[in-house]
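The values are calculated or read from the model by the stated rules, or taken from the named source; none is laboratory data. Everything numeric here is computed off the predicted structure, so don't read it as measured data. Glycine also receives a Cβ, built like all others from the backbone with ideal geometry; neighbour counts cover every protein chain displayed. With ligands, DNA and RNA removed, areas are computed over all heavy atoms of the protein, side chains included. Shrake-Rupley method; radii C 1.70, N 1.55, O 1.52, S 1.80 Å.
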Amino acid sequence: MKIVVIGATGTVGSALADVLESNPGHHVVRASRRGPVQVDLADPKSIGGLFATVDGIDAVIAVAASGAIAGLGDSADDDYFVGLEGKLLGQVHLVRHALRHLNDAGSITLTNGVSTFSEPGLSFTALMNAGLAGFVPAAALEMPRGIRLNAVSPGWISETLGALGRDGSAGTPLAEVVRTYVEIVEGTARGQVIEPTT
């Protein structure tokens, strides 16, 4: 398969691209805001430019954007709504562009986020994740030509928590998160929002 990984310079994206490239049957295109293949999910024109530049795509995986961690009442509007254009609307724009350009029986995999909210500052993240969780199964019904749409909801990643000085055991190991993306792309799931398991 020819697979575009959007966000390929990030923690998950780079590890995912490495694993996919280890399969000699896959050709991986690493896309990010900087680099030879550029795309910014916050910019619909940039998304259109990606598909004008790269053709013959079998799968696209978005692991690029994240939402804001900001207090509901103690942050400015611009701070609170950080991520709206990239994480939520950007991934919707990506699906709309991809369904017109992917090969028949192609695959689109989005990234949701944490599904449990046990600390303050995650209300906007909850809003975006709920939006994507509702969008994916509904939009999957409208995919043409056998294209599959799914999402991964990785939650906190162990290595990220460790880098933040927190308990990494409260998260999911990066390798397990990457395995989930690979299984979705290479599998038959359709309209699913899947949480990796340890």
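For region 1-63, a/c is not less than 1.5, where a ≥ b ≥ c are the root eigenvalues of the C-alpha gyration tensor, and a/b does not top b/c. That puts it in the oblate class.
Summarising the amide proton neighbourhood of THR172: residues at separation of 5 or more, or on other chains, whose placed amide H is nearer than 5 Å comprise TRP156, ILE157, SER158.
Highest average first, the peptides 138-148, 185-195, 100-110 ordered by how many other beta carbon atoms sit within 10 Å of their residues are 100-110, 185-195, 138-148.
Ranking PHE124, PHE81, PHE135 from most to least accessible surface, computed with a 1.4 Å probe over the protein chains only, gives PHE81, PHE135, PHE124. Protein heavy-atom surface of region 28-132, 1.4 angstrom probe: 53% of the accessible area is carbon and sulfur, with nucleic acids and ligands not counted.
Using the average count of surrounding beta-carbon atoms within 10 Å as a protection proxy, the listed peptides 161-167, 27-33, 12-18 rank, highest first, as 12-18, 27-33, 161-167.
Each residue of region 179-187 was assigned a 3J(HN,Hα) from its phi angle through the Karplus curve 6.51 cos²θ - 1.76 cosθ + 1.60 (θ = phi - 60°); the sequence is 4, 5, 4, 4, 5, 5, 5, 8, x Hz, with glycine and proline shown as x. A dipole drawn for the chain from +1 and -1 charges on Cβ atoms has a positive end, and of LEU88, ASN112, ALA31 the residue lying farthest that way is ALA31. Here is how the number arises for the chain: DSSP H runs of 4 or more residues each give -39500 (n - 2.57), the sum is divided by the residue count, and the result at 222 nm is -11000 deg cm²/dmol.
Would you mind counting up the charge near TYR80? Only other residues with Cβ under 14 Å from its Cβ, with Lys and Arg at +1 and Asp and Glu at -1. Surrounding charge for TYR80 is -4. Just how far, in whole angstrom, is region 1-45 from region 116-195 if you go by their alpha carbon centroids? Region 116-195 and region 1-45 have Cα centres spaced 17 Å from each other. Accessible surface computed residue by residue for the chain, with neighbouring protein chains in place and a 1.4 Å probe, gives 47 Å² per residue.
Modelled spin-label separation between ALA126 and GLU176, with each label point placed 7 Å from Cα along the Cα-to-Cβ direction: 2.4 nm. Between VAL54 and ARG33, the FRET efficiency estimated from the beta carbon spacing at R0 = 22 angstrom works out to 0.90.
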